[in-house]
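Step one of this worksheet: look at the structure below.
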Amino acid sequence: MQSIDRAQLCAAYVLDKKAFNVRILDVRKISSLTDFLVIASGNSDRQVSAAAESVQLGLKKEHDTRPIGIEGLNEGRWVLIDYGDVMVHVFHEPVRLFYDLDGLWCDAEEIPVNEQAPGMARATS
């Protein structure tokens, strides 16, 4: 699976749990850490955890892909899921505003979330 496809799937899975302000940032030209960042917000700790679990379980069950690491899942304030080529950040909205990853990565190219990505049918139904 290509990195951009994995990023689109991650976006679809967080949207399945009604996450909002979902962005995919292409950081390949400005960072050697990863290729893409997926950043999303939730309205509560529970929603943040549910969105992160949706990514983890969806990629595991449907694409046999497991993350390198997961941080913050129990707390639900800021969950990081690291797939190496894609890093997913799901925030409780006030935490997202405080840490401002969007501002930190403002030089990254934003990739539109693909409305036809697998999982989107569930997110919009």
>> To make sure I understand the rule: partners must be lysines, Cα under 28 Å from the Cα of Lys60, and not fewer than 8 residues away in the same chain. Which ones qualify?
In response: Lys17, Lys18
> Residue by residue, what Karplus-based ³J(HN,Hα) values in Hz, rounded to whole numbers, does segment 74-85 have, using 6.51, -1.76 and 1.60 with θ = phi - 60° and x for Gly and Pro?
Replying inline: 5, 7, x, 8, 8, 10, 10, 10, 10, 9, x, 7
> Which whole-Hz ³J(HN,Hα) couplings does segment 43-48 yield from phi under the Karplus relation 6.51 cos²θ - 1.76 cosθ + 1.60, θ = phi - 60°, glycine and proline marked x?
Replying inline: 8, 8, 4, 5, 5, 4
> Hey, could you pull the Cα Rg and Dmax for the chain, both in Å?
Replying inline: 13.0, 37
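Over the chain, what is the mean sequence separation of C-alpha contacts under 8 Å (at least six apart), divided by residue count, expressed as relative contact order in percent?
On the way: 248 pairs, mean separation 40.9, N = 125.
Once normalised by length, the contact order is 33 percent.
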> Sequence-distant or interchain residues sharing an amide H contact under 5 Å with Tyr83, placed H: which?
Replying inline: Ile68, Val88
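Report the charge-dipole magnitude of the chain in Debye, nearest 20, computed about the Cα centre from +1 at each Lys and Arg Cβ and -1 at each Asp and Glu Cβ.
On the way: 13 positive and 19 negative charges, 72 e Å.
The calculation lands at about 340 debye.
Can you check what the net charge comes to around Asn43, using other residues whose Cβ is under 13 Å from the Cβ of Asn43 (Lys, Arg +1; Asp, Glu -1)? Display every interim value, and only then the final one.
Details: positive: Lys17, Lys18, Arg46, Arg77, Arg96; negative: Asp45, Glu93.
Net of charged neighbours comes to +3.
Bear in mind these aren't lab numbers, they're just calculated from the coordinates by the rules spelled out. Computed from a predicted structure; not experimentally measured. Reconstructed Cβ throughout: ideal geometry from the backbone, glycine too, with neighbour counts over all protein chains shown.
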